[in-house]
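The values are calculated or read from the model by the stated rules, or taken from the named source; none is laboratory data. Since we're looking at a predicted model, the values are computed, not measured. Neighbour counts are summed over all protein chains in view; Cβ atoms, including those assigned to glycine, are modelled from backbone coordinates with ideal geometry. Note: areas computed on protein heavy atoms with side chains; ligands, DNA, RNA excluded. Shrake-Rupley method; radii C 1.70, N 1.55, O 1.52, S 1.80 Å.
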Amino acid sequence: MKRNADSPWGFVRTAKARTLLHDISSSGMAESPDGEAVELAAGLDARECGFLHRLIRRNPVHRTLEIGCAHGISTVSICDALHDRSDSFHTAIDLTQSGYWRSIGVANVKRCGFERFELIEEDSACCLPRMAAEGRKFDFVLIDGWHSFDHALMDFFFANRMLEPGGIVVFDDAANRSINKVVRYVEKYPCYRRIACISKTSWTKRRRIAHAGRTLARCAVALVPRPVVENLFDAAAAEYDKTRENASLVAFRKVAEDKRDFWWCPHF
């Protein structure tokens, strides 16, 4: 498939990857290693993959880590962005790749001909501490694993230890309540700056009404002195993050080494 600037997958640089991603998104189906068509259960769309692709292409990224592989849509996009960087390497962690996901993610990477790739089929809670202890380092991390607050925060905790200064960490499903709470926490880190965010493609009528209601509520709360608000509500609830509105992916840059002191404990 030739590159086409008007195609949603036009940013993909290699023909095999571009064709595969186009076929998957057009049909809503992925192919298992034995050739069976499987309905997509998860995965980033073209806009979201393009967002990741641009972040990698516009920055000196060589070693990448992805937590959550699934059908390999984001994995293929990341490998494609790295393909002409000879010293690059992509690592994906997915506990259920050969189980629930039927090895489709790994198969798609192989179909595209990307070789500088490894899958670690373990729980990130087990392998991330080991990788950090081994001194592994990365320039780019995508956190898209188990979506509970504690697990996502744990993924970030160890990713932070392995992310080089100047590196980028991206959270998927940032509008999700648990992930958004992690995002709000990361924004308090003195060594991180939010650099980019992409929103979902469309708003339903219900979401527009909910957005209008939240806007009115914020205006009302803004008229009340802050100490009163914090006495009436949990301090975290008093905070409002616009990411909750419609965010899909949020990217942070690590601007310095993590040098928080022993007592560091922000409200978030």
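Phi-derived couplings, Karplus 6.51 cos²θ - 1.76 cosθ + 1.60 at θ = phi - 60°, listed residue by residue for region 80-97: 5, 5, 9, 4, 9, 9, 4, 9, 7, 7, 10, 10, 10, 10, 7, 4, 10, 4 Hz, with x used for Gly and Pro. Highest mean packing comes first when the peptides 136-147, 50-61 are listed by Cβ atoms within 10 Å, giving 136-147, 50-61. Dividing the Cα radius of gyration of region 3-156 by its Kirkwood radius returns 0.95 for Rg/Rh.
Ranked by the mean number of other Cβ atoms within 10 Å of their residues, highest first, the peptides 119-126, 168-175 come out as 168-175, 119-126. Note on exposure: 131, 154 ranked by accessible area (1.4 Å probe, complete protein assembly) read 154, 131, with the most exposed listed first.
Partner aspartates and glutamates whose Cα lies under 17 Å from the Cα of residue 181, excluding those fewer than 8 positions away in the same chain, are identified as 144, 150, 155, 172, 173, 234, 239, 241, 245. Here the Kirkwood formula puts the hydrodynamic radius of region 65-179 at 14.3 Å, using every distinct Cα pair. Karplus-derived 3J(HN,Hα) values for region 126-139, using 6.51 cos²θ - 1.76 cosθ + 1.60 with θ = phi - 60°, are 9, 7, 4, x, 5, 4, 5, 5, 6, x, 5, 10, 9, 9 Hz; glycine and proline are entered as x.
Grab the Cα-Cα distance for residue 133 and residue 263, subtract it from 0.36 nm times how many residues apart they are, and report the gain in nm with one decimal.
Numbers: separation 130, 0.36 × 130 = 46.80 nm, distance 2.38 nm.
Length gained, residue 133 through residue 263: 44.4 nm.
Farthest toward the positive end of the dipole of region 118-201, out of 186, 168, 129, is the Cα of 186, where the dipole comes from beta carbon charges about the Cα centre. Averaging the Cα positions of each part gives two centres, and for region 131-160 and region 41-81 these lie 16 Å apart.
Taking K and R as +1 and D and E as -1, what net charge do the other residues with C-beta under 12 Å from the C-beta of residue 53 add up to? Net charge around residue 53: +4.
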